[in-house]
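Readers should treat all values here as calculations from the given coordinates under stated rules, not as data from a laboratory. It should be emphasised that the depicted structure is a prediction, and the values quoted were computed from it without experimental measurement. Heads up, the Cβs are rebuilt from the backbone with ideal geometry, glycines too, and the neighbour counts pull from every protein chain shown.
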Amino acid sequence: SKHTVNLDNRTADVTVKPYELEMGFKLELHAIISGKKIDVSEIPELPIPDVWMRDKLELNFYKTVQGGGGEIEDVTYHRESGTAVITFLSPG
């Protein structure tokens, strides 16, 4: 965990320590379900990139433990309106 780094003709001894990222966000969503798509609304605006929000939505709706879910074909997220459309590979 100890390293020596050379910077501009100087050396510095550094120690690497683990760092925990604060990634926990709780979401409350409202959904309209059809055969292959779910329309999600009232998604709260969080200080995270859109790609992270799409990943969170995909993981949430992929889980079959919550009484549904399945393989995801596409996630379309609209930050401005707080909505998303989740499209599954298979209806169900």
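Observations on the structure shown:
- Inter-probe distance in nm under a simple model that places probes 7 Å from Cα toward Cβ, at ILE48 and ASN60: 0.9 nm
- Distance in nm between pseudo-label sites at HIS3 and SER90 (7 Å out along the Cβ direction from Cα): 4.6 nm
- Percentage relative contact order, the stretch 37-88, counting C-alpha pairs under 8 Å, at least six apart: 47 percent
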